[in-house]
Amino acid sequence: MDKREPGAAKRSKRVKELRVYKDWCKRCGICVSFCPKEALEKDPRGYPRWREKEACVLCRLCELRCPDFAIEVVEDGGKEENGRRGREEAKAHSGQ
């Protein structure tokens with residue numbers, strides 16, 4: 001019988017970093033607005049940054065809602081290989 005509290009498996013993954021590709025980011029704030037845990041905020045120049053990294057639950061809504069593929073949440077042992085190269089391919093296929 002598993003005695004972990006509900007959601008404990010999800011929290012076992014840890015966020016390593018937030019990547020913001022500033023050359024693509026238009027500072028619209030969609031990523032900040034869609035974060036269900038308010039883990040993101042805008043910096044003084046309008047780019048997204050962590051407000052509270054530990055609050056991130058890796059839902060990736062910020063990535064999914066970004067119209068310019070300008071943000072990426074990387075988890076420990078996660079998407080290192082796909083990183084920016086994968087984003088550039090996605091952007092090329094979208095015609096932008």
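The values are calculated or read from the model by the stated rules, or taken from the named source; none is laboratory data. Just so you know, these numbers come straight off a predicted model, no measurement behind them. Glycine also receives a Cβ, built like all others from the backbone with ideal geometry; neighbour counts cover every protein chain displayed.
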Mind checking which pairs have a first residue in region 53-77 that is over 15 Å from residue 32 (Cβ atoms) and a second that is among the hydroxyl-bearing types (Ser, Thr, Tyr) and surrounded by fewer than 16 Cβ atoms within 10 Å (Cβ to Cβ), Cβ under 8 Å, 6 or more apart or different chains? 69/94
Across (1) at pLDDT below 95; (2) touching a Lys or Arg at 6+ places or on another chain (Cβ under 6 Å), residue 13 clears everything bar (2)
Failed item, numbered, when residue 77 is tested on (1) on the phi > 0 side of the Ramachandran plot; (2) loosely packed, with under 15 Cβ neighbours inside 10 Å; (3) at pLDDT 95 or above: (3)
May I ask you to list the residues in region 24-43 that are free of Cβ contacts under 8 Å to residues at least 24 places away in the same chain and either touching a Gly at 6+ places or on another chain (Cβ under 7 Å) or within 11 Å of residue 68 (Cβ to Cβ) (or both)? 27, 42
